[in-house]
Amino acid sequence: MQRWQHHLLGLFSGLALSAPALATPAYHVSVDTAALAGSAGFLDFTLGGLLDSPAAHVSITGLSGGNANGSTVLDGDAGTLAGGWQLGNLGAFNGVYQGWQFGNRLDFDLAFGGDWLSATSGSGSTLAFKLWDTQGQTLLARDGNGDLLRFELSAGGQVGVNRFPDASGGSPAATVAAVPEPQSVVLMLVGLAVLGWRLRRTRA
């Protein structure tokens, strides 16, 4: 094997070993808002836990499919990020409330982090997402709380995703897709590098 190949495989191996420390659960969310297109309302994200819940936070980015309408209201353990917001579970009520002009589809990305990923005990935390109209009525959801989505975070990094049917009892308006964790991508690259090297050796 040539020297550059040794260096390349060494680099990939190092990344593969370090990647698990970088991994956080991440999801892409799409909501079919065609029935609301052109109307105004609100996006509502809340994250909460109990007194013994390990620290948790979520980054909300990549928002598209409409336009912000008015200022953002941040409550409790909430703040802004470049291109989005971050919510934590340290306050009694933690939320992001954003006026919105709806398009045909709403998209955003979620990335979770915090002590709950490695905790061995403690109560869970819940991220809830709902839509409101300008009259204070929830939209597109039949859930008793009006939630379109709930992410249940449990100690040890377990995530439960709950999608709720629309108001007529039909299919949920929201779809959720997990984003591959960094170590999965790195291990795939390592595999491709090793396969390429073995093919070159076989041909030689």
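Residues with beta-carbon under 12 Å from that of Ser30, excluding Ser30: net charge, scoring Lys, Arg +1 and Asp, Glu -1?
-1
In sequence order, what are the phi-derived ³J(HN,Hα) couplings for the range 87-93 according to the Karplus relation 6.51 cos²θ - 1.76 cosθ + 1.60 with θ = phi - 60°, rounded to whole Hz, with x for glycine and proline?
With coefficients 6.51, -1.76 and 1.60, one gets 10, x, 10, 8, x, 5, 9 Hz.
Could you order Arg105, Arg150, Arg163, Arg142 so the one with the most accessible surface comes first? Probe is 1.4 Å.
Result of the area sort, largest leading: Arg142, Arg105, Arg163, Arg150.
Add +1 for every Lys or Arg and -1 for every Asp or Glu among the other residues with Cβ under 15 Å from the Cβ of Gly48, and state the total.
So the surrounding residues net to -4.
Ignoring ligands and nucleic acids, what accessible area does Asp52 show with a 1.4 Å probe (Å², nearest 10)?
90 Å²
Calculate the length of the line joining the C-alpha centroid of the range 39-114 to that of the range 133-179, in whole Å.
For the range 39-114 versus the range 133-179, the Cα centre distance is 14 Å.
The values are calculated or read from the model by the stated rules, or taken from the named source; none is laboratory data. Predicted model, so just to flag it, every value in this text is computed and none were measured. Counting neighbours? That spans all protein chains shown, and the Cβs are built from the backbone with ideal geometry, glycine included. Heads up: the accessible areas ignore ligands, DNA and RNA and are worked out on the full protein's heavy atoms, side chains in. Shrake-Rupley method; radii C 1.70, N 1.55, O 1.52, S 1.80 Å.
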